[in-house]
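Here the structure is laid out as structure tokens; the discussion comes afterwards.
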Amino acid sequence: MSNFGYVAPATVEETLAVLQQATDQGQRTQILAGGTDVIVQFRSLDNSHRLFVDIKSLKETNDVRIENEHIFVGAAIPSGVLNENAELKALFPGLLEAADLIGSTQIQGRASIGGNLCNSSPAGDTIPALIVNSALCVLATNEGTRTVPTENFVTGVGRNCLAAHEFLLGFQIPRPSAGTGDAYLRFIPRTEMDIAVAGAAVSLTINHDGICERARVSIGAVAPTPLLVSSAAEALVGTTADEDALQQAAQACSDAAQPITDKRGTVEYRRKVVGVLCRRAGTIARDRALSNRN
Amino acid sequence: MSKIYVSTTVNGRPEDVLCEAHQTLLDLLRDEIGLTGTKEGCGTGDCGACTVLLDDRLVCSCLVLAPEADGKEITTVEGIADSQDGLHVVQQKLLEHAALQCGVCTPGFVVAAKALLDRDPNPDEKTIRYWLAGNLCRCTGYDKIIRAVQDAAQELTPTK
């Protein structure tokens, strides 16, 4: 008997019930958002039987709520749709630029940041950008919801903290305070549509005296999971985020990286480049922060 | 497992079909509905030959599951030319510029280029190249295709 199935539940409760029932019956489930990773992997790597649970019909996964303290971004919104939202773009230019780096126009009509995170690739471009923006992952569970800081979500290559009966609803991101700017840069050998050799995201808050009072730095594609690099942030806080401070943050990123050698780059190369990317992304984030100081 | 009933609209025409959960929208269009204009190139979302509009958004139909088409509006290359006016200006210009050889990539380019011109009738060359970066061509080369789209834009906005 063929054991492929597809359901597109209309509510979170229904989705959880479907996941629970399938789990109880030992049936494999596959959450489906844009499908740009899921369907490729299904067709090329592992075509075993499963129940596709499409979460795109849910209100919550398509929601964007811009509130005073937090911004909620639904997990399943295609990046092409996110990038048409001028308000989001003004709040988190680095995050939206990271989303815009992934894939062609066609892919961006489907691919979501929720999917990018749940795919849990070491090189997922939006993950470092979510981390530096202190995004909390909001998971639907049988008990209601639970939140996980993005830096704790990915637990290994292609692995994350989601249980079989849970799924990602979206992200709750604190509204950036005045004087905050973010940026994400990656290196690829082509001009677009490639997988990062290394990537770095930086978010800074600069006060009226020109001093960096908050910093977060995250690096991608240089370890089994994207990393939050607190030593790089510490190198920036209390400084004017000048060249010296950025160079120290860059060194901290190079030191924190645990890269591998593969067809995209060597250990030595990735270690060096991730520092350069941190310095350059830090410069963009600093300039954005300075221009956001009201 | 029983087949899944899908009620969709393709090029303005209602279509009621049965599909399997693991079929793609591309399979549905070609094998169940019989619209073979949409081509399969890579099957992994890299080449854009299977490009269609799904509720007015450009997608690779090889990366959409067939049951996802339920309740959606789909436009394929067969829906681009007008029965009254004939070829769309993008199609006409691809012909005039000899911007196709084997033709497998052409339906994807037609759908993608028309979608661009519907959004932005006057795109610059860089915009056109980025927009069409997800459509690969292995024989014509991109220059003639880009010129054809620029020419189509010119015809749509003659003041350019």
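The values are calculated or read from the model by the stated rules, or taken from the named source; none is laboratory data. Keep in mind that this is a model prediction, so the values were computed, not measured. As a convention, Cβ positions derive from the backbone with ideal geometry for all residues, glycine included, and neighbour counts pool all protein chains shown. Quick note on the areas: whole protein, heavy atoms, side chains included, nothing else; ligands and nucleic acids left out. Shrake-Rupley method; radii C 1.70, N 1.55, O 1.52, S 1.80 Å.
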Exercise. Are there cysteines in chain A with no second cysteine's Cβ under 4.7 Å away, and if so, which?
Worked result: A:118, A:137, A:161, A:212
Seminar exercise, completed: Within region A:21-38, the residues whose backbone N lies under 11 Å from a label point placed 7 Å from the Cα of residue A:45 along the Cα-to-Cβ direction are A:37-38
For this session: Per residue of B:43-50, count partner chain C-beta atoms within 10 Å of its C-beta, then hand back the mean as an integer.
Result: 4
Problem set entry | Relative contact order [Cα under 8 Å, 6+ residues apart], chain B, whole percent | 23
For this session: Give me the angle, in degrees from 0 to 90, between the Cα long axis of helix B:142-156 and the longest principal axis of the Cα atoms of chain B, rounded to the nearest 10.
Result: 80
Exercise. So how far, in whole Å, is the C-alpha centre of region A:225-250 from the one of region A:25-77?
Worked result: 34
Exercise. So, with a 1.4 angstrom probe, what is the percent of accessible area on chain A that is carbon and sulfur?
Worked result: 50
Seminar exercise, completed: Computed over region A:1-76, the relative contact order (Cα-Cα under 8 Å, seq sep at least six) in percent reads 37
Seminar exercise, completed: Taking a ≥ b ≥ c as the square roots of the Cα gyration tensor eigenvalues, with a/c under 1.5 meaning rounded and otherwise prolate when a/b beats b/c or oblate if not, region B:68-160 comes out rounded
For this session: Could you state the angle between the C-alpha long axis of helix B:106-119 and the longest principal axis of the C-alpha atoms of chain B, as a value from 0 to 90 degrees rounded to the nearest 10?
Result: 70
Exercise. Using 1/(1 + (r/R0)^6) with R0 = 51 angstrom and r between the beta carbons of residue B:84 and residue A:237, what's the FRET efficiency to the nearest 0.05?
Worked result: 0.15
Exercise. In straight Cα distance, which aspartates and glutamates are under 16 Å from residue B:144, not counting same-chain residues fewer than 8 positions off?
Worked result: B:96, B:124, B:125
Exercise. Which shape class applies to region A:5-54: rounded if a/c is under 1.5, otherwise prolate when a/b exceeds b/c and oblate if not, where a ≥ b ≥ c are the square roots of the Cα gyration tensor eigenvalues?
Worked result: oblate
Seminar exercise, completed: Taking chain B and counting helices only, DSSP H stretches of n ≥ 4 at -39,500 (n - 2.57) each over all residues, the nearest-500 ellipticity at 222 nm comes to -8500 deg cm²/dmol
For this session: Show which lysines lie in cross-link reach of residue A:272 when reach means a straight Cα distance below 25 angstrom and same-chain residues fewer than eight apart are skipped.
Result: A:263
Exercise. Total accessible area buried between chains B and A, 1.4 Å probe, in Å² to the nearest 100?
Worked result: 2400
Exercise. What value, in deg cm²/dmol to 500, does the helix sum -39500 (n - 2.57) over DSSP H runs of n ≥ 4 give at 222 nm once divided by the residues of chain A?
Worked result: -10000 deg cm²/dmol
Exercise. GNM, chain A, Cα, under 10 Å: largest mean-square fluctuation among A:180, A:23, A:191?
Worked result: A:191
Exercise. Rounded if a/c is under 1.5, else prolate if a/b beats b/c, else oblate: with a ≥ b ≥ c from the C-alpha gyration tensor eigenvalues square-rooted, which is region A:135-284?
Worked result: oblate
Exercise. Measuring with a 1.4 Å probe in the full set of protein chains, what accessible area per residue, in whole Å², belongs to the protein assembly as shown?
Worked result: 43
For this session: From largest accessible area down, sort A:59, B:114; use a 1.4 Å probe on the protein chains.
Result: A:59, B:114
Seminar exercise, completed: Protection proxy (average C-beta count within 10 Å per residue), highest first, orders A:106-117, B:17-28 as A:106-117, B:17-28
Exercise. What FRET efficiency would be calculated for the residue pair residue B:56, residue A:190, taking the C-beta separation as r and a Förster radius of 25 Å, to the nearest 0.05?
Worked result: 0.30
Seminar exercise, completed: Counting all Cα-Cα pairs in the protein assembly as shown, those more than 32 Å apart amount in percent to 43
For this session: Could you check which residue among A:194, A:63, A:54 shows the biggest mean-square fluctuation in a GNM of chain A with a 10 Å Cα cutoff?
Result: A:194
Seminar exercise, completed: 1/(1 + (r/R0)^6) with r = Cβ-Cβ of residue B:129 and residue A:65, R0 = 35 Å, i.e. FRET efficiency to nearest 0.05, evaluates to 0.45
Exercise. So, in nm, how far is label residue A:147 from label residue A:11 when the simple model puts each one 7 Å beyond its Cα toward the Cβ?
Worked result: 2.5
Seminar exercise, completed: Residues whose built amide H sits under 5 Å from the amide H of residue B:23, excluding neighbours closer than 5 in sequence, are B:66
For this session: Over region A:59-174, calculate the relative contact order: mean separation of alpha carbon pairs under 8 Å at least 6 apart, over the residue count, as a percent.
Result: 30
Exercise. Between region A:176-195 and region B:24-66, how many Å separate their Cα centres?
Worked result: 31
